[in-house]
Amino acid sequence: MLQTLKNAWSVPDIRKKVLYTMLILIIFRIGAVAIPVPFLDPAALRSMLSSGQNLLGFVDVMSGGAFANATIFAMSITPYITSSIVIQLLAVAIPALERLSKEGADGRKKLNKITRYTTVALALIQAFAYYILLKNLGAVSYTSGFSGVFSAIVIISMFVAGACLIVWLGEQIDDHGIGNGISMILFAGILSRAPGVIQKMWAYLQLGTKYYFLVPLVAILFIFLIAFIIVMTNAERRVPIQYAKRVVGRKMYGGQNSYIPVKVNMSGVMPVIFASSILSIPGLIQGFVDPDASSIWGKILGALGYNSWIYAILYFLLIILFNYFYVAIQYNPLEMSNNLRKNNGAIPGIRPGKPTTDYISKVIARVTLVGAIFLGIIAVLPIVVGQLTGMSIALGGTSIIIVVGVALDTTRQLESQMMMRHYKGFLE
């Protein structure tokens, strides 16, 4: 990876794109730490996050600490992610959206416009919900009379404006920079928490002899976790394809061998985000109603806290469920089988038609199970380690998967752009 970055830096066009991407990410970090939302108390927000609010902790991770700082980018790109997921799911259920998704560049442009409008609507709803939650938790300065109405309008407007500005910054990276814009912003936000993690590990070392063993063990586990994610992200099951020979005039076409690559981690980090969003609902309810800890509802909501074993088990099962669901809407074995038949291709030893469809379905189901278990282990491991060691692991499995995935994807894009320019140093 470092050699790829070094080679890319020596190409003027790519260097300009890298510098432009870095400039956008710097603007994002300035907004995340230095442009506060009026009428919000950052100290109150930090105390709530330290008390273990599941929803707010998840939002703070996704915003790169902007939520804890009560800045304009506090909602981060969560409205856009939710909007993209909703439109993606509706494209399977609504024929009009499905047709747009198959119309090439023009169709994608219209879908992107619909996604943006949906993002604004969801940002308004989410900003209002956050305002009510923060008001109930005592983080809003003015809550009554004209001052309360004015502060509510300002806070909600700033949240929505920040979410829309982040989407625009991501699109600028897509158009003029390197990598996927939204992913790069997520990457920068999560990576900004690394100094805090190091500082926390150092603080644990000051507590006593017990942590002289635990802290290096966690660090080694973290390194092995990154290596495991890299291996599983690049792993794939190759389904062999044989194309029939055909004669057109005096020339013979076909007859070559190929394969269908089925990625082990086909759905990326989406199932983890789905599961995290679902399991953050009890924390949201607890923030709104604040039930008595000794009541039935208080015990139920307490049992679903982030650091509980029940939470870890439900988290693991939901990740497997959502992984199958996401793969099911992304891959259509029947369509893949029909495309093979149209191109005179076949899987060796498998008859065309329904047998091919069944075989592809079986392969995808098995690979999906492996990928789902992989995602579940990565996501739950920090919770398990925290329970066993008594240490609070600031970077969760979701964050690590996003960081590693974005780094690998950006490296591949740099390599492909250098190959298109016939860069001699890279080809050597």
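Since every read-out is calculated from the coordinates, none of them should be taken as a lab result. From a predicted model like this one, the values you see are computed outputs, not experimental measurements. Methodologically, a virtual Cβ is constructed for each residue, glycine included, from the backbone with ideal geometry; neighbour enumeration extends over all protein chains shown.
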- Points 7 angstrom from Cα along the Cβ direction at Glu415 and Asp13: gap in nanometres? 2.0
- Query: Once the piece of chain linking Tyr331 and Ala161 is laid out straight, how much longer is it, given 0.36 nm per residue of separation minus the C-alpha distance between them?
  - Reply: 57.6 nm
- Task: Starting from the Cα of Lys16, draw a straight line to each of the lysines and keep only those under 16 Å, dropping any in the same chain fewer than 8 residues away.
- Result: Lys6
- Mind checking which lysines have their C-alpha under 27 Å from Lys342, skipping anything on the same chain fewer than 8 residues away? Lys102, Lys245, Lys251, Lys263, Lys354, Lys362
- Among Gln206, Asn344, Met184, which residue has its Cα positioned farthest towards the positive end of the charge dipole of the chain, with +1 placed on the Cβ of Lys and Arg, -1 on the Cβ of Asp and Glu, and the dipole taken about the Cα centre? Asn344
- Message: With an 8 Å Cα cut-off and a minimum separation of 6 or more residues, compute the relative contact order for the chain in percent.
- Response: 19
- In debye, nearest 20, what is the charge dipole magnitude of segment 1-192 about its Cα centre with +1 on Lys and Arg Cβ and -1 on Asp and Glu Cβ, if you could check? 280
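How much of the pair distance distribution for segment 1-192 lies past 21 Å, counting alpha-carbon pairs only, in percent?
On the way: 10327 of 18336 pairs.
Counting every Cα pair in segment 1-192, those more than 21 Å apart make up 56 percent.
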- Item | Zone of Lys109's modelled label, taken as backbone nitrogen in segment 179-194 under 18 Å from a point 7 Å along Cα→Cβ | none
- Message: Once you compute Rg and the Kirkwood Rh from C-alpha atoms, what is the Rg to Rh ratio for segment 154-253?
- Response: 1.28
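Please state the charge dipole magnitude for the chain, taken about the Cα centre, from unit charges on C-beta atoms (+1 on K and R, -1 on D and E), reported in debye and rounded to the nearest 20.
It works out to roughly 1720 debye.
Can you give the Kirkwood hydrodynamic radius for the chain, in Å, rounded to one decimal and based on Cα pairs?
Taking every pair of different Cα atoms in the chain, averaging 1/r and inverting gives 24.2 Å.
Per the helix-only calculation at 222 nm, which mean residue ellipticity applies to the chain, given -39500 (n - 2.57) for every DSSP H run of n ≥ 4 and division by its residues, nearest 500 deg cm²/dmol? Display every interim value, and only then the final one.
Numbers: 19 runs with 308 residues, N = 428.
It lands at -24000 deg cm²/dmol.
So which helices of the chain fit the span-like rule, where a helix is a whole DSSP H run, its Cα atoms reach 30 Å or more along the axis, and its mean Kyte-Doolittle is at least -1.0?
Values: long enough: 12-34 (32 Å, 1.14); 104-136 (47 Å, 0.09); 145-176 (47 Å, 1.34); 210-234 (37 Å, 2.19); 309-330 (32 Å, 1.85); 354-389 (51 Å, 1.31); 397-420 (35 Å, 0.76).
Those that pass (Cα extent of 30 Å or more, hydropathy at least -1.0) are 12-34, 104-136, 145-176, 210-234, 309-330, 354-389, 397-420.
So how much slack lies between Glu98 and Leu317, counting 0.36 nm per residue of separation and subtracting their Cα-Cα distance, in nm? Can you show the working numbers first?
Details: separation 219, 0.36 × 219 = 78.84 nm, distance 2.98 nm.
Additional length available on full extension: 75.9 nm.
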- For Val86 and Tyr20, calculate 0.36 nm times their separation in residues minus their Cα-Cα distance, and state this gained length in nm to one decimal. 20.7 nm
- Message: Cut-off is 10 Å between beta-carbons; in what order do Phe159, Phe39 appear when sorted fewest neighbours first?
- Response: Phe39, Phe159
- Task: Sort Ile27, Ile156 so the one with the fewest other Cβ atoms within 10 Å of its own Cβ comes first.
- Result: Ile27, Ile156
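How large, in Å, is segment 55-130 by the Kirkwood hydrodynamic radius built from its alpha-carbon pairs? Mind dumping the intermediate values first?
Numbers: mean 1/r = 0.0742 Å⁻¹.
Kirkwood hydrodynamic radius for segment 55-130: 13.5 Å.
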